[in-house]
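To start, the structure under review is shown below, and the notes come after it.
The values are calculated or read from the model by the stated rules, or taken from the named source; none is laboratory data. Just so it is clear, the model here is predicted, and its values are computed rather than measured. Ideal geometry is used to build each Cβ from the backbone, glycine not excepted, and the neighbour counts take in all protein chains shown.
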Amino acid sequence: RAGLGGAYGGAYDAPPGYGAGGYGAGGYGPAAGYGAPAGYGPAAGYDGAAIHAPAYAAPPPQRSGAASTIGILGIIFGVLIALGGGLQVGCRALIQNLQAPAARTAHNMRLLQLEMGIWGVMTLLSIALIIVGVGVWRHRETARKAMLIWAALALAVIAGRMAVQGFVMQPRAAKYQQELLEQQGQKPGPETEQILRMGRAWAVFGDLIIWAPYPVVSLLLLTRRSVRDRCN
């Protein structure tokens, strides 16, 4: 029985690979070739890499209805006033050339030149309004600020027109009408006087109804925070 080996003899010794080395490192240990396959271990590409959310472009700011309306109306008014102003300047220049020599007094010439100057300034403002109106319609911040400056200048011009009409043009017109009636031997009645006064009042205060609303509304709307935030 000596061959059983150990306690039982040497005949039953553990075959090679089942002894201390069999269950140890050399037998059933992690043999070469059975490790983690390539690509399943801690790959370098994913080691400590930050995961980011997909990038999305910020949506453009919403358009302002107030800015769009002011811009479109500015373009329309600018075109109409430019055409009307050019026509007024041309008509007064034609009147100046067609007047009889006796009517070409220094006073009348000054009045005509004053009217031509006023309409010339309004024509320039209307051309600027077309350009600025396009920018406001496109929601440009520079155009919004330029429209505020334009509106302040327009109100100053309107005030100047009213002052000229009230203190220069209409008193002269009333005096001329009175002299014309006296030359014809006519005396104006109450109805005629009332019509003439209404005409002179409209010439002075009509600008508040026709020209002033647009720049005033532009100042009120374009200074609102909701409009400023949508201009870039």
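What the table shows:
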| quantity | calculated |
| --- | --- |
| Residue among 136, 121 that alone is closer than 13 Å to residue 70 by Cα and either surrounded by fewer than 18 Cβ atoms within 10 Å (Cβ to Cβ) or under 19 Å from the mean Cα position of the chain (by Cα) (or both) | 136 |
| Residue that is modelled with the lowest pLDDT [pool: residues in region 181-193 that are of a type outside the set (Lys, Arg) and not in a helix (DSSP H, G or I)] | 188 |
| Residue within region 141-154 that is part of a helix (DSSP H, G or I), among the hydrophobic types (A, V, I, L, M, F, W, C) and over 30 Å from residue 224 (Cβ atoms) present | no |
| Lone qualifier among 172, 200, 161 - being surrounded by fewer than 16 Cβ atoms within 10 Å (Cβ to Cβ), among the charged types (D, E, K, R), in contact with a helix residue (DSSP H, G or I) (Cβ under 9 Å, 6 or more places away or on another chain) and part of a helix (DSSP H, G or I) | 172 |
| All positions within region 142-180 that are modelled with pLDDT of 95 or more and charged (D, E, K, R) | 144, 145 |
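Condition check ((1) β-branched (Val, Ile, Thr); (2) within 23 Å of residue 113 (Cβ to Cβ); (3) within 45 Å of the chain's Cα centre (by Cα)) across all residues:
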position	(1), (2), (3)
169	no, yes, yes
174	no, yes, no
186	no, no, no
194	no, no, no
201	no, no, yes
204	yes, yes, yes
207	no, yes, yes
